[in-house]
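For reference, the structure is listed below as structure tokens.
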Amino acid sequence: MTRIGAITSFHRELSAGQEPYWRDGWGSAEGQRVRFEALVRSSRYRGGSVVDFGCGTGALRDFLASLDPPFTYLGLDMNGDLLPAGDEFRVIAPDAVDFPVADYVFASGIFQFADPDDPLYYRRLAEALYERCRVALAVTFLSALRDGSARDPDELYLTPGQAADLASSLSGTWVLDHSYHPDRGDLTIAVYR
């Protein structure tokens, strides 16, 4: 199955109200909060304009609103059924990056699936997202250090070295955070301008 096919299947599950098959930590409010904290911490977020690429239900907007810095928000996702109503949300084509430049671009969970037809798609998409930020890009990946029994063959896993290589290919200033997920399941990179 291609990455876009896996994403479409996953979005159908969410739209139908079903629990995703990969729910190990991703579907919990606590897991989501921990990932959002990693994005904000790693990016040195101080408020400003934010694009949430692959925003899903827009939960990052609510998380950012609970923090002190003022911000503007634009949530983008390929599944309009997930998006809340409002001008802050837009449906986009898969991997479309023709959105306005923002101070921060956040992408949590968009690199979940591998694509056997395009195994390095994540590098090109991360590069395109980085071009749309003025301050920092922060993205999450599944970690290749997670236990093998917690892996799915359709998912994309990066080692910390691969994540560092990606970050350093974009900028000389970046952070890799592999400290927040129990069982070493996730990692976050933030790349600065």
Relative contact order for the chain, counting Cα pairs under 8 Å that sit 6 or more residues apart, in percent: 22
Would you calculate, for the chain, the mean residue ellipticity at 222 nm contributed by helices, counting each DSSP H stretch of 4 or more residues as -39,500 (n - 2.57) and dividing by all residues, to the nearest 500? -9000 deg cm²/dmol
Compute the length gained on full extension between Asp98 and Thr72: take 0.36 nm times their separation in residues and subtract their Cα-Cα distance, giving the result in nm to one decimal. 7.6 nm
Charge tally in the Cβ shell below 13 Å around Ile92, where Lys, Arg are +1 and Asp, Glu are -1, Ile92 excluded: -2
Using DSSP, restrict attention to beta bridges with both residues in the range 99-167 and report what percent are antiparallel, rounded to the nearest 5. 10
Tell me the per residue accessible area of the range 70-193 using a 1.4 Å probe; a whole number in Å² is fine. 44
Which helices, counted as full DSSP H runs in the chain, have an axial Cα extent of no less than 20 Å and a Kyte-Doolittle average of 0.0 or above? none
Please report the antiparallel percentage of the DSSP beta bridges confined to the range 48-193, to the nearest 5. 40
I'd like the FRET efficiency for Val91 and Ser169, computed as 1/(1 + (r/R0)^6) with the beta carbon distance as r and R0 of 35 Å, rounded to 0.05. 0.70
Which whole-number percentage describes the relative contact order of the range 127-185, with Cα contacts under 8 Å and a sequence gap of 6 or more? 37
Packing-wise, with mean Cβ within 10 Å as the measure, how do 133-142, 40-49 rank, highest first? 133-142, 40-49
The range 58-135: GluC sites (Glu not before Pro) falling in loop per DSSP and having at most 13 other Cβ within 10 Å: Glu131
For the range 98-117 and the range 120-193, what is the separation of their C-alpha centers, rounded to whole Å? 11
Taking the simple approach of a point 7 Å from Cα along Cα-to-Cβ for both Leu120 and Gln162, what is their distance in nm? 1.3
Roughly to the nearest percent, how much of the accessible area of the chain is carbon and sulfur, given a 1.4 Å probe? 51
Please report the relative contact order for the range 28-88, taking Cα pairs under 8 Å with a sequence separation of at least 6, and give it as a percent rounded to a whole number. 34
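The values are calculated or read from the model by the stated rules, or taken from the named source; none is laboratory data. In this text the structure is predicted, and so the values were computed from the model without any measurement. Glycine also receives a Cβ, built like all others from the backbone with ideal geometry; neighbour counts cover every protein chain displayed. Surface areas here come from the heavy atoms of the whole protein model, side chains and all, with no ligands, DNA or RNA. Shrake-Rupley method; radii C 1.70, N 1.55, O 1.52, S 1.80 Å.
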